[in-house]
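Please treat every number below as a calculation from the coordinates, not as lab data. This is a predicted model, so every value here is computed, not measured. Note: ideal-geometry Cβ built from the backbone for every residue, glycine included; neighbour counts use all protein chains shown.
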Amino acid sequence: MRELIEILWSFLKIGAFTFGGGYAMIPLIQHEVINHRRWLREGEFVELLTIAQSAPGPIALNTAVFVGYKLRGYRGALAAVLGVVIPSFLIILVVAMFFADMRDNVWVDAAFKGMRPAVVALIVAPIVGLARGMNMWLMAVAAAIALVVWYFGLSPVWFLMAGALGGVLWVAKRGKEA
Amino acid sequence: MGIAVLIKLFVSYLKIGFFGFGGGYAMLSLIHSEVVVRNAWLTNGEFSDIVAISQMTPGPIAINSATYIGYEVAGIWGSVVATTAVCLPALTIMMLLTRFFLRLRDNLYVQGVVQGMRPVVVGMIASAALLLIFPASDDGRSFIDLWSWAIFGLTLLGSWRKVNPILLIVVSGIAGVLIYGL
């Protein structure tokens, strides 16, 4: 029981202080899980990052499940997930309760007019780095998917399934040739 | 309202959790597709406001958006249902992967799946940007004048220079107050 509470507490801290999400929080997790609690070794942490990035879902959540499950099975996983989720759940709930009234305020509205294009820029920024690792064909595929999802409102789920299938077929074809 | 909406929320966020490959920004296009296009729970503008709020509050954007949209659509129970639903796939899939991935990682087909989804993830991030730059309806435009494009350009530069994203959002908010509020 004590270890479950420790897991919950550690991930509460991680959940409460990871702004920006994703890669921004990796150093914090690293500190808590490796240096502070000594739950994982460096090598295991690298393994964890590989898994957390290939699996669906936010990296914070995936990391929590991995660490919790390794330590205490499914109970540990649940404790860690609760820890990561509770801070953002409570904060957003409070924001949601009061934001509707605040939204009509002239100043708040002006602030959001300034923040909207900044949000778009933050989304655009990583695309360049991601595209750099791809060849012309893959870039064309990515661009086509972006256009179809945007223009026709088609769900990206179909493309994820097609991509997974395409990857499997490609491996199978190469296997035959080899 | 009632149970039907809760079920819809549950299914939508289960889907978002299950197909949420590639991290926060890639998930945005999935969230947009469910929340704005399919169910019309939010307008484009409200969607983009939630993204801004998520940047400034701790926690993954998928969870933030689940809590917020759940509350907007069906109150506190809505936010509990949506938040639970978005966590369930990660919880089950990661437990399985933690057990089996070391054996699976060297499997060529698993590598094929991961590789095949990579260009899709990049496309999804790009579509999220397009959806916010050129929304289907006029309400909630992200870009209203030249100032918008200036803020966009400067934030992009800042982001490439590794300036903290929260700082960029806060500065843009202050710029908004100075430009549009005074």
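Checking the table A:Lys113/B:Lys162; A:Lys113/B:Lys15; B:Lys8/B:Lys162 against a 27 Å threshold on Cα-Cα, which pairs fail?
A:Lys113/B:Lys15; B:Lys8/B:Lys162
Would you mind pulling out the separation of the Cα centroids of region A:160-177 and region B:58-120, in Å?
Between the Cα centre of region A:160-177 and that of region B:58-120, the gap is 23 Å.
For chain A, what does the relative contact order come out to in percent, with C-alpha contacts under 8 Å and a separation of six or more? Could you put the intermediate results ahead of the total?
Details: 112 pairs, mean separation 36.6, N = 178.
Computed value for chain A: 21 percent relative contact order.
Is any helix in chain A, taking whole DSSP H runs, at least 24 angstrom long along its axis by alpha carbon and on average at least -1.0 on the Kyte-Doolittle scale, and which ones?
A:59-102, A:106-132, A:156-177
If you fit an axis through the alpha-carbon atoms of helix B:44-56 and take the longest principal axis of the Cα set of chain B, what angle between them do you get, 0 to 90°, nearest 10?
Approximately 80 degrees, to the nearest 10.
Between region B:154-176 and region A:76-119, what is the C-alpha centre distance in whole Å?
Using only Cα atoms to place each centre, the spacing works out to 18 Å.
Using Cα springs under 10 Å in a Gaussian network model of chain B, which residue among B:Leu30, B:Leu157, B:Leu42 shows the largest mean-square fluctuation?
B:Leu157
How large is the helix-only mean residue ellipticity at 222 nm for chain A, computed as the sum of -39500 (n - 2.57) over DSSP H runs with n ≥ 4, divided by its residue count, in deg cm²/dmol to the nearest 500? Could the numbers behind the result be given before it?
Working: 7 runs with 144 residues, N = 178.
Helix-only estimate at 222 nm: -28000 deg cm²/dmol.
Separation between the A:Lys173 and B:Gln111 pseudo-spin-labels, each 7 Å from Cα along Cα→Cβ, expressed in nm?
1.8
For chain A, set up a GNM with springs between Cα atoms under 10 Å and report which of A:Gly133, A:Gly15, A:Gly73 has the largest fluctuation.
A:Gly133
I'd like to know how the protein assembly as shown sits against the 2.2 N^0.38 Å rule of thumb: what's its Cα Rg over that expected value? Each step should come with its number before you reach the end.
Working: Rg = 20.0 Å, N = 360, 2.2 N^0.38 = 20.6 Å.
Normalised Cα radius of gyration, the protein assembly as shown: 0.97.
In degrees, nearest 10, range 0 to 90: what is the angle between the Cα axis of helix B:146-160 and the longest Cα principal axis of chain B?
Helix B:146-160 sits at roughly 50 degrees to that axis.
Considering the Cα positions of chain B, please state its Rg to one decimal place and its Dmax as a whole number of Å.
Final numbers for Rg and Dmax: 18.2, 61 Å.
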